1. Could you derive backbone 3J(HN,Hα) for the range A:9-24 from the dihedral phi with the Karplus parameters 6.51, -1.76 and 1.60 (θ = phi - 60°), listing whole Hz in sequence and x where the residue is Gly or Pro?
2. Measuring from a point 7 Å out along Cα→Cβ, what nm distances, shortest first, does A:Lys217 have to its partners in the other copies?
3. What three numbers, in Å, describe the spread of the alpha carbons of the range A:2-216 along their principal axes, ordered from the longest?
4. So the label point goes 7 Å from the Cα of A:Leu164 along Cα→C-beta, right? Which residues of the range A:188-213 then have their backbone N under 11 Å from it?
5. Quick one: if you stick a label point 7 Å off each Cα along the C-beta vector at B:Tyr69 and B:Asn195, how many nm between them?
6. Taking each label point as 7 Å beyond Cα in the direction of the beta carbon, state the distances from A:Gln189 to the same residue in the other copies, shortest first, in nm.
7. Per q in 0.09, 0.10, 0.14 Å⁻¹, report the Debye log10 I(q)/I(0) for the protein assembly as shown, using one uniform scatterer on each alpha carbon and no solvent.
8. With Rg and the Kirkwood Rh both taken from Cα atoms, where does Rg over Rh land for the range B:1-88?
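Read the figures in this text as sums done on the coordinates, not as results from a lab. It should be emphasised that the depicted structure is a prediction, and the values quoted were computed from it without experimental measurement. Backbone-built Cβ (ideal geometry, glycine too); neighbour counts: all protein chains shown.
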Number of protein chains: 2
Amino acid sequence: MYYPINEIFQTIQGEGYYTGTPSIFIRLQGCPVHCKWCDTKYTWKCNNEDQISYEKIIMKKKSNRKWSYMNVKEIILIIKIKKWTAKHIVITGGEPCLYNLLEITKELEKEDYKCQIETSGTELIKCSLNTWITLSPKINKKTLKTSILRSNEIKYPVLKKEDLFYLNSILKKIKNKKHNLIFLQPISQNEEALNICIKTCIIKNWRLSVQIHKYLKIR
Amino acid sequence: MYYPINEIFQTIQGEGYYTGTPSIFIRLQGCPVHCKWCDTKYTWKCNNEDQISYEKIIMKKKSNRKWSYMNVKEIILIIKIKKWTAKHIVITGGEPCLYNLLEITKELEKEDYKCQIETSGTELIKCSLNTWITLSPKINKKTLKTSILRSNEIKYPVLKKEDLFYLNSILKKIKNKKHNLIFLQPISQNEEALNICIKTCIIKNWRLSVQIHKYLKIR
């Protein structure tokens, strides 16, 4: 199976449960969610004219709309050529669950990688059972109940207090499934959002996720 | 049993495995380790003239050498009076394992708290089985093998490349016990130390711990 890849790079996971974990990020092209504050808007459209060769994807120095189809063998080949050592793979986007991720997660697991998917939960999640699902529900977007139930952690972006109402409505949907890993993440290091997240985390005993890579100024 | 308490406060755990977790920090007085870069030197000495009433400890606005004896009941009473909601307790210091922590950890667990101890591993660890041990070995200090084996995570402070030799010597001592949670933490947000930690984490597949509370400027 071929996947539209925007970029692939090795760094440190800066968010949520796996904060601090060396990771290979595979960013897929395409997203119908379109959050106002999105920091990867270049992944929204999957235009033919932006399609380039997969060699050029590897040499990408800065993020842009260009993408290339790759199958899992080619992805693994890139990791080997680049001699990347991280054993944790984050499949992100865009909205990666636009695509069937069963093959890619299973093949990568055969190569002894741990897979994580970062998704908005607006699409059906198709992947291996061992894949760690990070769900980031988005306000005014339909978060599928199956996605909520399948998620291993909820990493919820917050800008203002009212944003928390939507999270509470989601948690009500799964009241019998006690979700113990909930992270609040201030959007774009906004100071006010940070204070709201800290206060709420302490009251609700949720966890705070800050995008450490942005504080450390690494990719 | 009475413990010499330097300060007790509620905040967000900024380091290691529990990064982002709302926590109540109980800082004990006394430490024989004396690291050059220590950011709580005020806990080193347990002088009688610095002893104050336990009410005054609660009102402490800034960190200093003053301390007070408290038993577990009094500690729990403070948490209730202050209406703190965090359910994770970090017993730190100074070097908390100077003291027998069995009683305090067991009593707190009866109250449905999860306990974590942050220790240099230079003292025998006496605490409940469920307590999460964060071991921060210190160069030129004798890290007890029992402490290494008992630890749930190693959170290793790094300033320069040579610091890593000591960590490797420690890991050799426990080679048959595969330790899967190793964090490298740059000392005092030092830029060079951060780069050494990122590079080493990626090569060794260890995890990066940055003191997020210092980036967020919270206690």
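1. Working through the residues one at a time gives 7, 10, 7, 10, 5, x, 9, x, 4, 8, 3, x, 8, x, 9, 9 Hz.
2. 1.7
3. Principal-axis extents of the range A:2-216 (Cα, largest first): 48, 33, 31 Å.
4. Flagged as within label range: A:195-206.
5. Each label point lies 7 Å from its Cα, and together they span 5.2 nm.
6. So the label point of A:Gln189 gives 1.0 nm to the other copies.
7. -0.62, -0.76, -1.34
8. Rounded to two decimals, Rg/Rh equals 0.97.
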